[in-house]
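Take a look at the structure set out below.
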Amino acid sequence: MPRDAPVILVVEDEETLAESITYNMELEGYRVQRAATGTDAMAEFHRSVPDLILLDVMLPGLSGLDVCRRIRSLSDVPIIMLTARSSEGDVVAGLELGADDYVTKPFSMRELVSRVRARLRSRVALEEPDDPVLRAGPVALDPERHEVRVDGEEVVFRPKEFELLEVLLRNKGRLVTREALLDQVWGSPFYGDPKTLNVHVKRVRKKIGDAGKPRRMLLTVRGLGYKFVDD
Ligand code: CA
């Protein structure tokens, strides 16, 4: 599976169904992460930063609706709910909580795959216009030329600093957890000193001239991770 293939988080406690969804998503070229409870879903969400979530509403423990609410408070990742035919109330509640779409069980895999494709496509269209340069405030990062400019002036970045900034800019406005950053920039599993991340964040802030005034661009979300904001 290519490393940049979209990641689908499948939250489903029915093992056979979860297997079948996984198989079909992988056939489509997506990478799949799984969770069988609401609590696992939150942990996996923080760990793998998925591009789309398939979320069963009826889960043991923390319900699918609770998971939906929590994830929406952190991220605008597309969420497609998997609901039972008899639970129209869940559908309404889920959509009100910010889910993007739903399918009713039993659904065909073809139906599910086409919904997933449509969601990912509209997301790509929104986020990735032809220009590959990632911009935020005075910062412009060109992944193809491996170049960072701040107020139009080129600034030299070391490879890890560059990757760190790239991941944050690609997720502009969204929380990126420490785990996800360590995973994506330093590789998984990460055995080094987690302080490495703090050190690199400090260097990146310095290089982009983020002195915290009048306000920070690269925010620390205490206890969780970092977020790059643009205004
Ligand atoms: Ca279920």
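The values are calculated or read from the model by the stated rules, or taken from the named source; none is laboratory data. All of these numbers come straight from a predicted model, not from anything done at the bench. What goes into the accessible areas is simple: the full protein's heavy atoms, side chains included, and nothing from ligands, DNA or RNA. Shrake-Rupley method; radii C 1.70, N 1.55, O 1.52, S 1.80 Å.
When the alpha-carbon atoms of the range 42-108 are used, the pair Rg, Dmax equals 11.2, 33 angstrom. Ellipsoid semi-axes for the range 134-228, based on the Cα gyration tensor and the rule √(5λ), read 20, 15, 12 Å when sorted largest first. Candidate cross-link partners of Lys195 among the lysines, defined by an alpha-carbon separation under 22 Å and a same-chain spacing of 8 or more, comprise Lys160, Lys206, Lys207, Lys227. Over the chain, DSSP H runs of length four or greater, each weighted -39,500 (n - 2.57), average out per residue to a 222 nm ellipticity of -12000 deg cm²/dmol. GNM on the chain, alpha-carbon springs under 10 angstrom: the most fluctuating residue among Ala180, Ala99, Ala118 is Ala118. Springs between alpha-carbon atoms under 10 Å, Gaussian network over the chain: tell me which of Pro78, Pro50, Pro214 tops the mean-square fluctuations. Comparing Pro78, Pro50, Pro214 in a Gaussian network model of the chain, the most mobile one is Pro214. When the square roots of the Cα gyration tensor eigenvalues are ordered a ≥ b ≥ c, the ratio a/c for the range 7-127 is under 1.5, which makes its shape rounded. Per residue, the Cα convex hull of the chain amounts to 136 Å³.
The three principal axes of the C-alpha atoms in the range 134-176 carry coordinate ranges of 27, 21, 15 Å, sorted with the longest axis first. Largest accessible area first, the listed residues Ser122, Ser87 line up as Ser122, Ser87 when surface is computed with a 1.4 Å probe on the assembled protein chains. Whole Å is fine, so just give me how far the alpha carbon centre of the range 55-88 lies from that of the range 169-231. What the calculation gives is 28 Å, centre to centre. Here the convex hull built on the C-alpha positions of the range 109-185 has a volume of 125 cubic angstrom per residue.
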